[in-house]
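Reading through the structure tokens given below for one structure.
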């Protein structure tokens with residue numbers, strides 16, 4: 001069966017993620033899924049913009065009071081770099097170099113965990129220092145929902161990549177799991193792109209008022 | 001890894017297990033038909049209760065509070081749990097066969113979509129037994145739904161969320177199937193119209209459901225987790241819900257009606273025995289309707305106060321949709337024109353659909369004029385309008401489609417005689433019920449009203465409307481009798497039972513083999529089976545030699561993933577109640593079940609199995625019995 005066949009770097013196809021019909025279907029289906037996810041995040045962004053700084057009284061913190069660029073810049077760098085390392089992982093996947101792919105995926109996961117740690121610190125900071133809570137104002141609800149949905153995607157993406165790395169650690173690359181690795185990295189890029197928009201719309205626009 | 005499972009005779013438990021784990025699009029279609037049919041009956045009973053309550057003035061058949069629950073559940077059930085699944089039933093049963101595919105692109109996700117829909121619908125309807133159904137209308141406008149006491153709205157938000165995920169999965173599956181799985185020669189511009197409308201409707205699902213997902217999440221968070229999206233006291237804005245609901249809700253209308261258009265576009269050429277008039281303009285019109293469907297949502301909100309400029313833009317965009325719809329109407333008429341017409345039951349539904357739907361379309365254009373809409377808004381005129389498009393378009397399509405595709409799905413033919421009785425009763429009942437409601441609305445009867453006073457000119461109109469509803473109910477009951485009689489008799493019909501089938505699905509032996517096509521067919525033009533028949537052949541020309549066929553394995557995982565969300569929904573709903581400490585653990589357990597099942601699916605290899613060439617050659621004489 002084609003899916004279980006063993007390969008060498010010479011016989012490994014050029015686009016292993018799309019070498020089988022299953023792979024082709026997953027590839028296309030996942031792009032559609034990301035299209036739907038884009039609309040999901042667009043809706044969350046619209047809600048955030050509508051409710052930004054919309055608080056019940058002036059005692060509540062607003063965007064300009066909350067955000068600090070150094071931390072957010074660090075988070076952005078972590079996530080952007082992790083996107084780059086996942087590209088390296090896919091480069092090695094296409095060259096049938098399983099070990100190097102795993103190494104780069106490991107670095108990707110480490111960077112992602114670093115991002116997640118910063119985000120937890122950040123939320124904790126807002127919660128305790130500024131009393132900026134999910135339940136304190138419409139602004140708080142919209143902020144934590146938008147950024148939290150992104151954070152949830154990061155958690156899911158990390159779990160997915162880790163599960164794939166452990167599951168396939170011993171058996172290496174096949175045409176059955178190559179599409180899975182590829183889609184996980186595609187998902188990871190998507191998360192990264194969403195963060196670029198969050199960085200711009202939530203943090204940068206929040207800083208300038 | 002063999003086909004033994006397919007050749008053995010099964011007991012009752014074996015059949016149930018087969019359907020719980022099936023990934024075969026033809027069986028999933030039957031599941032959708034059964035579940036959608038069940039919810040259609042439930043929604044129909046709710047409709048009858050509405051009409052009984054409103055039959056006479058000052059009636060107290062149901063209390064005002066219960067009436068609100070009934071109208072909410074009637075609308076929600078009919079749209080989400082009856083019309084969509086029934087259309088999904090036909091999409092699953094017919095579309096893969098129409099494009100000459102052995103299966104859908106994602107059989108596992110197809111099953112997952114069904115079970116998510118089913119558990120979502122089940123959760124929503126359990127509200128009747130667990131403290132009361134939702135009562136804020138099917139639109140569930142936020143200020144009203146936040147104020148609603150009890151758990152009714154929670155059932156609405158969580159149930160629709162779960163079933164909405166299922167619909168989204170189904171949509172993606174159909175899109176990829178149509179793009180990647182077409183038989184050799186089946187170019188886009190040779191695809192049957194039902195496939196095209198499935199394609200466009202699926203694209204609409206993909207882009208329309210995420211806004212609903214977000215809106216429902218915000219409603220869930222506001223009601224159960226203390227957020228303030230719609231709570232003005234916390235700085236929230238209730239109009240956000242209206243926007244998201246209608247950004248979803250308007251495309252939803254086209255998600256429903258386009259596949260119904262597709263069914264009619266198959267019925268007309270078959271029974272006029274003439275190719276569809278203006279095929280390419282039909283495709284163009286379908287795509288244009290899908291495109292415009294996303295830019296008109298605010299016409300549901302003309303009275304919200306968005307201002308004259310927004311209202312004017314949305315009014316013009318709305319009127320523009322009449323153009324592609326008109327193209328379709330004329331194409332259907334010109335398909336019949338000069339044809340050699342056979343008035344079978346499906347053809348009767350199709351012919352009756354044209355004037356019925358046009359009436360709904362005309363009142364739609366009336367409402368598109370924003371100043372006039374201030375008069376129509378929230379009156380029975382609106383109720384009449386959307387029942388004209390939904391019953392006159394979609395339900396006639398579903399009934400016509402059920403008769404048309406019954407032989408394809410079950411290998412038996414519904415009785416034409418009983419079908420005609422159903423048709424006459426249903427069509428008369430439909431116009432009797434809803435035509436007069438236009439005038440009730442113009443005379444000032446508000447929508448969703450529980451009762452009315454005598455002597456205001458509303459008495460006889462409402463009575464006539466209720467009598468009409470009884471006609472429809474009798475029609476549906478006769479349809480069910482027809483189904484039972486047909487299935488008990490179980491007279492199997494052969495290939496091409498209507499004798500004039502044009503597209504690939506009719507070229508298959510009956511019942512359809514579980515692998516669909518032993519050899520993929522070679523498609524040589526629009527209406528490929530008709531082309532072969534005109535050349536004196538009875539089967540399609542194969543595009544490949546007989547070879548091994550790859551098949552997916554059955555799986556119980558879709559059921560478990562959906563069950564997990566069903567359990568989690570109870571935890572989410574009850575955690576805000578006093579003294580229900582078990583709720584959060586239940587929420588967590590449900591999520592663990594769902595994500596655990598997803599992880600299991602991810603790490604366990606599932607390569608499917610192969611049907612070997614020799615077995616296929618053996619079966620050739622037996623018509624591929626399942």
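Nothing in this text is a laboratory measurement; each read-out follows from the coordinates by a stated rule. What you see is a predicted model; the values in this text were computed from it and never measured. Cβ atoms come from the backbone with ideal geometry, glycine included; neighbour counts cover every protein chain shown.
Over chain B, DSSP H runs of length four or greater, each weighted -39,500 (n - 2.57), average out per residue to a 222 nm ellipticity of -21500 deg cm²/dmol. Cβ-to-Cβ counts within 10 Å put B:586, A:202 in ascending order as B:586, A:202, the fewest first. When a/c is below 1.5 the answer is rounded, else prolate if a/b is larger than b/c, else oblate, so apply that to the range B:122-250 with a ≥ b ≥ c taken from the square roots of the Cα gyration tensor eigenvalues. Prolate. Rounded, prolate or oblate: which fits the range B:187-254, taking a ≥ b ≥ c as square roots of the Cα gyration tensor eigenvalues, rounded meaning a/c under 1.5, else prolate when a/b beats b/c? Judged from the Cα gyration tensor, the range B:187-254 comes out prolate (a/c at least 1.5, a/b above b/c). Each pair of Cα atoms in the range B:534-626 enters the Kirkwood radius, and Stokes-Einstein at 10 °C and 1.306 mPa s then converts it into a translational diffusion coefficient of 90 µm²/s.
Normalised by the number of residues in the range B:15-173, the mean separation of alpha-carbon contacts (under 8 Å, six or more apart) gives a relative contact order of 28 percent.
Angle between the Cα long axis of helix B:380-389 and the longest principal axis of chain B, 0 to 90 degrees, nearest 10? On a 0 to 90 degree scale, this one is about 10.
The long axis of helix B:152-180 is offset from the longest Cα principal axis of chain B by roughly 30 degrees. The C-alpha radius of gyration of the range B:328-449, expressed as a fraction of 2.2 N^0.38 Å, stands at 1.23. Does chain B come out rounded, prolate or oblate by the C-alpha gyration tensor, with a ≥ b ≥ c the root eigenvalues, rounded set by a/c under 1.5 and, if not, prolate when a/b is larger than b/c and oblate if not? Oblate.
Between the helical axis of A:178-198 and the longest alpha-carbon principal axis of chain A there is an angle of about 20 degrees.
Taking other C-beta atoms within 10 Å as the exposure proxy, A:6, A:52, A:100 rank A:6, A:100, A:52 from fewest upward. Here the range B:6-51 has an Rg and Dmax of 15.2, 50 Å, counting Cα atoms alone. Computing Rg and the Kirkwood Rh from the Cα coordinates of the range B:306-382 gives a ratio, Rg/Rh, of 1.13. All Cα-Cα distances of the range A:101-209, cut into 10 Å bins from zero to the largest, leave 13, 39, 27, 15, 6, 0 percent in each bin in turn. Note on the range A:88-115 and the range A:6-31: Cα centroid distance 18 Å, given to the nearest whole angstrom. Per residue, the average separation of C-alpha pairs within less than 8 Å and at least 6 apart gives chain B a relative contact order of 17 percent.
Per the Cα gyration tensor, the range A:1-98 maps to an equivalent ellipsoid with semi-axes of 44, 20, 7 Å, ordered largest to smallest.
As an exercise, take the mean of 1/r over every pair of distinct alpha carbons in the range B:1-136, invert it, and state the Kirkwood radius in angstroms. Hydrodynamic radius (Kirkwood, Cα only) of the range B:1-136 equals 17.0 Å. Beyond 22 Å, the tail of the calculated P(r) for chain A holds 54 percent of the Cα pairs. Its DSSP H runs of at least 4 residues, each contributing -39,500 (n - 2.57), put the calculated 222 nm mean residue ellipticity of chain A at -24500 deg cm²/dmol, to the nearest 500. By the Stokes-Einstein formula, at 1.567 mPa s and 4 °C, the range B:449-558 with its Kirkwood radius over alpha-carbon pairs has D equal to 67 µm²/s. Pairs of Cα atoms nearer than 8 Å and 6+ residues apart set the relative contact order; for chain A it is 36 percent. The ranking of A:200, B:77 from fewest to most other beta carbons within 10 Å of each one's beta carbon is A:200, B:77. Averaging Cα coordinates gives a centre for the range B:298-354 and one for the range A:57-81; these two points are 50 Å apart.
I need the Kirkwood Rh of the range B:392-491: take the reciprocal of the average 1/r across all distinct C-alpha pairs and report it in angstrom. By the Kirkwood definition, the hydrodynamic radius is 15.2 Å.
Extent along the principal axes, Cα only, for the protein assembly as shown: 77, 75, 49 Å, with the longest axis given first.
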